[in-house]
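So the structure is just underneath, and the comments pick up after that.
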Amino acid sequence: MTSPRRVTAAHDALTRAHREEWARVVAALAKRFGSLDLAEESAAEAFATAAERWPVDGIPPNPGAWLTTTATRKAIDRIRRESTRDARHREAHLVYDTQPEPVGAVDDDRLRLIFTCCHPALAMEARIALTLRMVGGLSVPEIARAFLVQDTTMGARITRAKAKIAAANIPYRLPTAEDLPHRVSGVLTVLFLIFNEGYLASGPDTAPVRRDLTREAIRLARLLHELLPDDGEVTGLLALMLLSEARSDARVSSTGELVPLGEQDRGMWDASLIAEGHALVRERLVSGQPPGRYQLLAAINAVHTDGDAPDWAQIVALYDQLAVLDPSPIVRLNRAVAVGERDGPSAGVALLDALAPQLSGYHPFHAARALLLVRLGREVDARAAYEAALALTDNAAETAYLTRQLERLAAR
């Protein structure tokens, strides 16, 4: 009988392997077999086999290699079952061929897989959702929350994207240097969403901050910056990630509670990441080129991390520019918060109330509104807003923070 301690150790190892190895396994299989669908299914089967075997046989010395080998065997078994006699030659090639292929423009399997998923034949939202699933390893519910849609809607979208790749016979191939600029927009969006899921995880069964995701997103953004050093949005996204990651150690208290930006201990911020992010922002400012979305978001974060107190007038001005490029409700929400700081809580609440029809299911909307309502002395309304935010979040650190705010109101 397998001991509970061994089962727990195997579960922890498998959880860690999923974080660290999922994208590598999928990328290796997609590269070898030329099928995203086969790569994902075989990787999932390998992890399922590990869940059965590791508690009994023990954790392998190299979990990533074990998973890749097992997933490869699963893929070959599936090909054998589905092959016709005419396909036997191809099967033999897949089983025995070990010739390395040229790396092309992108010398990283995971980044190359992102570019493959971001094929122009797919709609932008389909590219992003598919890549988050295949490369980011995010679950369908996590991706659905990022897009503010139902789980079933997102699941169907990912299924259609894979079906279109198969029907159109879109190959898994190395992107050429000419491909990169045409696909970079979708790639940037994917990296941004992967980073955001790590920065404040949306699921109930994960750590509130997932540094594995934020660090992987930064690693890939650095590679992309090396490939396209003159692309302003690539530079802007890298700067945005670095300036956000710099604050990670200060974002959750010792009691597991989210710490808002204005209450964070700035001594806990990573000065080297902030300096690097500021340098990238300045690099774009002196370029003389009009800033894009990520450059403006990076500039906003640069203002937040410059000096002891943010310049809210400058932040509002940057949000005004951003709203022209991206008039989404989320951007308008953040602008409303900045206006509330610059012009007072009444001005902020008025702007937020106008967004209620679009953001009623988005917990940061209710949390931001509650904070301004407290400053206005509207405690009953603030309590209702905090309760609405609490009902909509699964993040443990956010839950702890919102619960404390409600307790503070009750104690008044």
Inside the stretch 122-145, the number of residues satisfying the requirement of being part of a helix (DSSP H, G or I) and either among the β-branched types (V, I, T) or open to solvent by less than 40 Å² (accessible area, probe 1.4 Å) (or both) is 12
Exclusive hit being open to solvent by less than 50 Å² (accessible area, probe 1.4 Å), more than 18 Å from A23 (Cα to Cα), modelled with pLDDT under 80 and outside any helix (DSSP H, G or I), set A105, A87, A92:
A105
Being hydroxyl-bearing (S, T, Y) and part of a helix (DSSP H, G or I) is the filter; apply it to the stretch 9-46 and report the residue that is farthest from the chain's Cα centre (by Cα).
S42
Taking G344, is it out of contact with any Phe, Trp or Tyr (no Cβ under 8 Å at 6 or more places or on another chain), surrounded by 16 or more Cβ atoms within 10 Å (Cβ to Cβ) and modelled with pLDDT of 95 or more?
no
Among (1) of a type in the set (V, I, T); (2) more than 23 Å from R19 (Cβ to Cβ); (3) modelled with pLDDT of 85 or more, which single condition is T68 missing?
(2)
The stretch 44-62, residues that are under 20 Å from M134 (Cβ atoms) and at pLDDT 90 or above
E45, A46, F47, A48, T49, A50
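Per-residue answers, yes or no, for (1) surrounded by fewer than 19 Cβ atoms within 10 Å (Cβ to Cβ); (2) in contact with a Cys (Cβ under 6 Å, 6 or more places away or on another chain); (3) more than 14 Å from R335 (Cα to Cα):
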residue	(1), (2), (3)
L352	no, no, no
Q358	yes, no, yes
H363	no, no, yes
R369	no, no, no
L372	no, no, no
E379	yes, no, yes
R383	yes, no, yes
Starting from the stretch 384-406, take each residue that is of a type in the set (F, W, Y) and list its partners that are in a helix (DSSP H, G or I), counting only C-beta distances under 8 angstrom and pairs at least six apart or across chains.
Y386/H366; Y386/A367; Y386/A370; Y386/L402; Y386/Q405; Y386/L406; Y386/L409
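Looking at E263, E257, E233, which one is touching a Phe, Trp or Tyr at 6+ places or on another chain (Cβ under 8 Å), at pLDDT 90 or above and over 28 Å from G292 (Cβ atoms)? Break it down stepwise before answering.
Details: E263 fails: touching a Phe, Trp or Tyr at 6+ places or on another chain (Cβ under 8 Å); E233 fails: over 28 Å from G292 (Cβ atoms).
Testing whether each residue is touching a Phe, Trp or Tyr at 6+ places or on another chain (Cβ under 8 Å), at pLDDT 90 or above and over 28 Å from G292 (Cβ atoms) leaves just E257.
Restricted to the stretch 395-412, and to residues that are of a type outside the set (A, V, I, L, M) and buried (at least 17 other Cβ atoms within 10 Å of the Cβ), which residue is nearest to P141 (Cα to Cα)?
Across the stretch 395-412, the extreme among qualifying residues is N395.
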Within 24 Å of V337 (Cα to Cα) and touching a Gly at 6+ places or on another chain (Cβ under 7 Å), is that true of A217?
no
Here's a check for you: in the stretch 298-311, which residue that is under 16 Å from L273 (Cα atoms) and touching a Leu at 6+ places or on another chain (Cβ under 9 Å) is surrounded by the most Cβ atoms within 10 Å (Cβ to Cβ)?
A298
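So that you can scan it fast, the table gives a plain yes or no per residue for (1) over 26 Å from A201 (Cα atoms); (2) without any contact (Cβ under 8 Å) to a residue 60 or more places away in the chain; (3) surrounded by fewer than 18 Cβ atoms within 10 Å (Cβ to Cβ):
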{"position": "G236", "(1), (2), (3)": "no, no, no"}
{"position": "L242", "(1), (2), (3)": "no, yes, no"}
{"position": "S248", "(1), (2), (3)": "no, yes, no"}
{"position": "S254", "(1), (2), (3)": "no, yes, yes"}
{"position": "E276", "(1), (2), (3)": "no, yes, yes"}
{"position": "R282", "(1), (2), (3)": "yes, yes, yes"}
{"position": "S287", "(1), (2), (3)": "yes, yes, yes"}
In the stretch 214-231, what residues are closer than 28 Å to R266 by Cβ and either free of Cβ contacts under 8 Å to residues at least 40 places away in the same chain or surrounded by fewer than 22 Cβ atoms within 10 Å (Cβ to Cβ) (or both)?
T214, R215, A217, I218, R219, A221, R222, H225
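The values are calculated or read from the model by the stated rules, or taken from the named source; none is laboratory data. Quick caveat: nothing in here was measured; it's all calculated off a predicted structure. When we count neighbours, we look across all protein chains shown, and the Cβ atoms used for this are built from the backbone with ideal geometry, even at glycine. Ligands, DNA and RNA are stripped out before the accessible areas are found, and what is left, the full protein with its side chains, is counted by its heavy atoms. Shrake-Rupley method; radii C 1.70, N 1.55, O 1.52, S 1.80 Å.
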